[in-house]
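For reference, the structure discussed in these notes is given below.
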Amino acid sequence: MLDNLNQDVSILQPSLQMTDSQVQNRIRQMKMEDPDEQTCYQKFCNLFTIEYYREYFDVTTELVIAKVVNAFNPFSGTFFDIGGGIPELYGPFWILNTLIFTIALSVNIIKYMQLQPGEHFEYQFEIVPFLAIFMYLKTLIVPMIYRVALKCVSQDRLTLLHCFTIYGYSAVVMIPISLLNSIPNPAIQWMLLVYVLFAQTSFLTSNFNQELKYLPKEKKYMIVGLVAVVQITIMILYKFYFFSSFNYQQLGLVKKRMNTHILQHILGAN
Amino acid sequence: MDYTNQKNPQNYSQMEDLKTLDLEESVSETIMRDLKMIAYKLKYVLIPKEQEDNGKELRNWDLWGPLIFCLALAMTLSFKADSTTNSSKSDVFAIIFVLIWVGAFVVTLNAQLLGGKVSFFQSVCLLGYCVFPINIEAIIIAFVGSYLPFVVKLIPVIICFAWSAYSSVGFMASLVPPHKKKLAVYPVFLFYLFLSWFSLIV
């Protein structure tokens, strides 16, 4: 029975194949459902072993690079065909960390370029914890929203992990754009952010579209509209919090003892 | 601690003798023995020509070396941080300390998840020892940095970053299967890049 596992699954879902480690995980799950073979550790602590998560890191270098290159192309819609559409967490996690580092770097560069001639450069480091928390929450919550929306239109081929994967890879466009954002010209900065908004939204919608081809029009537009609204919200947050030029004193709000000084500065500036 | 410097005990009574010897030796001897071991490991890790046995020495991992280098780096950078900037000295110290240990943890976890079969602390030990060039660079910049233009400061930063990355990449790449090497190496690169950048701008 276990030998036919891969064939059975591939009949049900022709576009989504299973890798070896997924097959082994499934075999292990089926063995574990037999109550005699389960130890207590296997019943409750499976979540804490590394082997449980190894399935989601089963990628090769070429696969990751191919997915990243595909993510830069907003119209191709072939993201889920690369490597058989297997969800993975390596790409999203490290793209996220690179993005956090890049945005922190570019925020500091912007501040450096705005120095008056006599001032000493003070790096802004409090932004990093806030930035990190914002990015991690965004990457956790937004794919859940997408998955809930897809479930509402009864689309079950894209699981939650697929949503994590595609959302993580869609953030790749932001990395070079945030480096370019340190150019002091405000017009260029706005144009770059509009480009990112457009590129990410069309990448996500064209890939969801492949899976959504068979739905009636209203449901399709609902999904597309949801994606666009979420992206616009996040872009507005980027622009007005991280890349805005008058916000750097306000970022010091997290430090208690600077509070009165900062409040006076804000009231004075407004 | 590591007893390879002393003779191997043949029986239980000799082990007892060694233990009392250990307690009876002066504090400076104990400390010098540990320092010599750290220096030996450091030369082994950072100068690749000294590795004749392909990294087997690293199986005797220890965390004293990484701790000393982490503390030295954190103290150097927090010493340089003014109290008038937004980040005070204690913030910088805490950030560096947490960053090195959590970063080493995450990078090792990543290598293990990609299928590497190395002991966890071996990898943390190696990453900690490779922080030493960043230490050198932080000290250089702390003492002569205010007199140099930015571009001249970049030169030791780049050299030390390349040295750290090169020493640890050889080990990390040998842990994972061949088609995943770059995937395991990239987080190491990002880790040292962040540390170098941080020591440059503080």
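The values are calculated or read from the model by the stated rules, or taken from the named source; none is laboratory data. Because the structure is predicted, anything quoted here is derived from the model rather than measured. Here the Cβ positions follow ideal geometry from the backbone for every residue, glycine too, while neighbour counts run over all protein chains shown.
Can you go through A:LEU131, A:LEU179, A:LEU192 and tell me which one is touching a Ser or Thr at 6+ places or on another chain (Cβ under 9 Å) and within 14 Å of another protein chain (Cβ to nearest Cβ)?
On the way: A:LEU131 fails: touching a Ser or Thr at 6+ places or on another chain (Cβ under 9 Å); A:LEU192 fails: within 14 Å of another protein chain (Cβ to nearest Cβ).
From the options A:LEU131, A:LEU179, A:LEU192, the qualifying one is A:LEU179.
Given the options A:LEU89, A:LEU99, A:LEU63, name the one that is at the interface with another protein chain (Cβ under 10 Å from one of its Cβ atoms) and out of contact with any Phe, Trp or Tyr (no Cβ under 9 Å at 6 or more places or on another chain).
Values: A:LEU89 fails: out of contact with any Phe, Trp or Tyr (no Cβ under 9 Å at 6 or more places or on another chain); A:LEU99 fails: at the interface with another protein chain (Cβ under 10 Å from one of its Cβ atoms).
Result: A:LEU63 is the single residue among A:LEU89, A:LEU99, A:LEU63 that is at the interface with another protein chain (Cβ under 10 Å from one of its Cβ atoms) and out of contact with any Phe, Trp or Tyr (no Cβ under 9 Å at 6 or more places or on another chain).
With the condition kept exactly as written, say whether any residue in region A:51-61 is at pLDDT 85 or above and in a helix (DSSP H, G or I).
yes
Does region B:137-191 hold any residues that are in contact (Cβ under 8 Å) with a residue 40 or more places away in the chain, within 18 Å of B:LEU58 (Cβ to Cβ) and either in contact with a Cys (Cβ under 7 Å, 6 or more places away or on another chain) or not aromatic (Phe, Trp, Tyr) (or both), and which are they?
B:SER167, B:SER168, B:GLY170, B:MET172, B:SER174, B:LEU175, B:VAL176, B:ALA184, B:VAL188, listed by residue number.
Given the conditions (1) more than 13 Å from the chain's Cα centre (by Cα); (2) in a helix (DSSP H, G or I), and given that A:ALA132 satisfies all but one, which numbered condition is not satisfied?
Every condition holds for A:ALA132 apart from (1).
Within region A:152-161, can one find any residue that is among the small types (Gly, Ala, Ser) and crowded, with 20+ Cβ neighbours inside 10 Å? So that I can check it myself, show each step before the final result.
To start, the set of residues in region A:152-161 that are among the small types (Gly, Ala, Ser) comprises A:154.
Still in the list and also crowded, with 20+ Cβ neighbours inside 10 Å: none.
No, because not a single residue in region A:152-161 is among the small types (Gly, Ala, Ser) and crowded, with 20+ Cβ neighbours inside 10 Å.
Please determine whether any residue of region A:206-213 is part of a loop (DSSP other than H, G, I, E, B) and either under 20 Å from A:LEU96 (Cα atoms) or in contact (Cβ under 8 Å) with a residue 40 or more places away in the chain (or both).
Let us first name the residues in region A:206-213 that are part of a loop (DSSP other than H, G, I, E, B), namely A:213.
From what is left, the residues that are either under 20 Å from A:LEU96 (Cα atoms) or in contact (Cβ under 8 Å) with a residue 40 or more places away in the chain (or both) are none.
No, the conditions are met nowhere in region A:206-213.
What is the number of the single condition among (1) more than 12 Å from chain B (Cβ to nearest Cβ); (2) part of a loop (DSSP other than H, G, I, E, B); (3) surrounded by fewer than 19 Cβ atoms within 10 Å (Cβ to Cβ) that A:PHE121 does not meet?
Checking A:PHE121 against (1) more than 12 Å from chain B (Cβ to nearest Cβ); (2) part of a loop (DSSP other than H, G, I, E, B); (3) surrounded by fewer than 19 Cβ atoms within 10 Å (Cβ to Cβ), the one that fails is (1).
Going by the conditions given, is B:GLY103 over 15 Å from the mean Cα position of the chain (by Cα) and within 14 Å of chain A (Cβ to nearest Cβ)?
On the way: over 15 Å from the mean Cα position of the chain (by Cα): no; within 14 Å of chain A (Cβ to nearest Cβ): yes.
It is false that B:GLY103 is over 15 Å from the mean Cα position of the chain (by Cα) and within 14 Å of chain A (Cβ to nearest Cβ).
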